[in-house]
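Scroll down for the structure; my scribbles are underneath it.
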Amino acid sequence: PIREIAPGAVHLPGWLTFDERRRLVEACRAWAKEPVPMRHTVLPRGGVMSVQTVCLGWHWQPYRYTRTADDVNGRPVAPLPEWLADLGRRAVTDAYGEAGAYDPDTALINFYDGQAKMGMHQDKDEKSDAPVVSLSIGDACLFRFGNTETRGRPYTDVRLDSGDAFVFGGPSRFAYHGVPKVYAGTGDPATGLSSGRLNLTLRVTGLR
Ligand code: MD3
Ligand code: FE
């Protein structure tokens, strides 16, 4: 069942069809190679993220967006395909029960192996308060959705499974969130992903 876990934060379990999951896995496999290879992002203070990331539309380079992957190989990132933006529009419509304009210009594609995690953070590099759409494929994870004030409690823990969509808009757009754990071996190899977790987030950067 569709569930609003906080105002503006709507979980759509099993939302992606199996065909969509397979298509996304195949597309991500190509995007992870060229023009910019998927990599562990290096943070300004020298930390290395356990998650691997590749971007479409704009390149996220902590903590800003650029058109070229200056911290990887300097090449312009691949465009965000219209079919992926369409998927984002459909998720927003299904989450909020109305067709508002939603025109994402960026996707961040994260790959988690069985050990990868993501600490609690806010996504504040976008100059827009439009919703973020998250699509998950492969191994399930523990997703922690917090509050807008602190990294800590109160938070709500939600299990995200393969095929789930999540829309974060309105008052939830700038909440802290993270991924403390991936449940290795819980994915469905029939999607084409034999192990690990893929997460795509669609965003409006507000840049031009
Ligand atoms: C809530 N990714 O890429 S998706 C990220 O599963 C990120 O890879 C996680 O956090 C992942 O920044 C979580 C859910 C998510 C994504 C963006 C959000 C939740 C969000 C932005 C604002 C509020
Ligand atoms: Fe985030």
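Laboratory data are not the source of any read-out in this text; all were calculated from the coordinates shown. Nothing here was measured: the structure is a model prediction, and the numbers come from that model. When we count neighbours, we look across all protein chains shown, and the Cβ atoms used for this are built from the backbone with ideal geometry, even at glycine.
Cα convex hull of segment 3-203: how many Å³ per residue?
110 Å³
Close amide-amide hydrogen proximity is noted between Q61 and T66, each under 5 Å apart and 5 or more residues distant or on a separate chain (H modeled in the peptide plane; Pro and chain starts excluded).
Full extension of the chain segment joining T17 with D125 gains 35.8 nm, where the gain is 0.36 nm per residue of separation less the Cα-Cα distance. In terms of the mean number of neighbouring beta-carbon atoms within 10 Å, the peptides 175-188, 53-66, 90-103 order highest first as 53-66, 175-188, 90-103. Across the chain, the mean sequence separation of Cα contacts (distance under 8 Å, 6 or more residues apart), normalised by length, yields a relative contact order of 27 percent. The GNM of the chain, with springs linking C-alpha atoms under 10 angstrom apart, assigns the highest mean-square fluctuation among G114, G88, G169 to G114.
Rounded to the nearest whole Hz, the Karplus-based 3J(HN,Hα) values (6.51 cos²θ - 1.76 cosθ + 1.60, θ = phi - 60°) of segment 17-30 follow the sequence 5, 5, 4, 5, 4, 5, 5, 5, 4, 5, 5, 5, 4, 6, with x at glycine and proline. Listed by chain and number, the aspartates and glutamates placed with their C-alpha closer than 14 angstrom to that of K124 are E149; residues fewer than eight positions away on the same chain are left out. Kirkwood Rh over alpha-carbon pairs of segment 65-165, then Stokes-Einstein at 20 °C and 1.002 mPa s: what D in µm² s⁻¹, rounded to an integer? Roughly 134 µm²/s, to the nearest whole number. Considering segment 107-171, its Cα convex hull presents a mean projected area of 4.9 nm². Net charge of the neighbourhood of P79, taken over other residues with C-beta under 15 Å away and scored Lys/Arg +1, Asp/Glu -1, is -1. Simple spin-label estimate for F174 and E4 gives 2.1 nm between the two label positions (7 Å along the Cα-to-Cβ direction from each Cα). Projected label points at Y63 and R151, each 7 Å from Cα along the beta carbon direction, are separated by 1.2 nanometres. Kirkwood hydrodynamic radius computed over segment 16-96 comes to 14.0 Å, based on all pairs of distinct alpha carbons.
Measuring r between the beta carbons of E82 and D113 and using R0 = 25 Å, the FRET efficiency lands at 0.25. In terms of Cα to Cα distance under 18 Å, which aspartates and glutamates are near enough to K181, apart from those fewer than 8 places away along the same chain? Partners within reach: D113, D139, D157, D161, D164. Take the Cα of D103, step 7 Å toward its Cβ, do the same at H40, and the gap between the two points is 3.9 nm. Relative to the current alpha-carbon distance between T186 and D70, full extension at 0.36 nm per residue lengthens the span by 38.2 nm.
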